[in-house]
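To start, the structure itself, in structure tokens.
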Amino acid sequence: MKTAIIAEKPSVGREIAKIVGANHKEDGFLSGNNYFVTWAFGHLLQLAMPEDYGFLGFVKENLPIIPQNFILKPRQVKEGKEFKEDKGALRQLKIIKHIFDSCDTIIVATDAGREGELIFRYIYSHLNCQNLSNGFGLVV
């Protein structure tokens, strides 16, 4: 049985990997002893901007903007006057997706507060993970 462990940041992931014996370093994760330890870099995902819902910026008349369904987008960085998807965030999300899809159980090792839980839930939802519906385990 393979187990994925996701931490909120790389330093915590490395400490957890030492404990579970995941000593083999890979790109974006550590593996070993049937564990795959990976991490977010804080908030890899964010709520979409008003433009993504059909609103042009923050105009007083449009507030509050409460969409029917919220859209999650990979973290963006400002390049010049434009925002572009953070390539590092996209790469790490791809790695996390691969690990989640190849494991039987996911252990959530983010910080034990609302923010840590939100970071995991955004990732799990955005990646359309199906582990729970297939009889796999999720340990929060």
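The values are calculated or read from the model by the stated rules, or taken from the named source; none is laboratory data. Quick caveat, the model's predicted, so the values are computed rather than measured. Because the Cβ atoms are built from the backbone with ideal geometry, glycine has one as well, and the counts that use them run over all protein chains shown.
Every residue, every condition in (1) farther than 21 Å from Asn34 by Cα; (2) outside any loop (DSSP other than H, G, I, E, B); (3) of a type in the set (Lys, Arg), yes or no:
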| residue | (1), (2), (3) |
| --- | --- |
| Gly88 | yes, yes, no |
| Arg91 | yes, yes, yes |
| Lys94 | no, yes, yes |
| Phe100 | no, yes, no |
| Ile106 | no, yes, no |
| Gly116 | yes, yes, no |
**Message:** Go through the stretch 43-66 and report how many residues are part of a loop (DSSP other than H, G, I, E, B) and either surrounded by 12 or more Cβ atoms within 10 Å (Cβ to Cβ) or hydrophobic (A, V, I, L, M, F, W, C) (or both).
**Reply:** 11
**Complete:** Subset of the stretch 122-140, residues surrounded by 16 or more Cβ atoms within 10 Å (Cβ to Cβ) and modelled with pLDDT of 90 or more, comes to Tyr122, Ile123, Tyr124, His126, Leu127
**Item:** Some residue of the stretch 82-91 being farther than 19 Å from Ile119 by Cβ, surrounded by 12 or more Cβ atoms within 10 Å (Cβ to Cβ) and not aromatic (Phe, Trp, Tyr)
**Value:** no
**Request:** Answer yes if at least one residue in the stretch 76-86 is in a strand (DSSP E or B) and of a type in the set (Lys, Arg), and no otherwise.
**Result:** yes
**Complete:** In the stretch 27-41, anything in contact (Cβ under 8 Å) with a residue 60 or more places away in the chain, surrounded by 12 or more Cβ atoms within 10 Å (Cβ to Cβ) and outside any strand (DSSP E or B) is listed as Gly28, Ala40
**Message:** Can you confirm whether Ala89 is free of Cβ contacts under 8 Å to residues at least 60 places away in the same chain and within 17 Å of Tyr124 (Cα to Cα)?
**Reply:** yes
**Message:** Looking at the stretch 97-121 only, could you name the residues that are of a type in the set (A, V, I, L, M, F, W, C), over 9 Å from Ala4 (Cα atoms) and modelled with pLDDT of 90 or more?
**Reply:** Ala109, Leu118, Ile119, Phe120
**Item:** Checklist (1) of a type in the set (Gly, Ala, Ser); (2) assigned to a loop (DSSP other than H, G, I, E, B); (3) surrounded by fewer than 13 Cβ atoms within 10 Å (Cβ to Cβ) applied to Ala22, failing item
**Value:** (3)
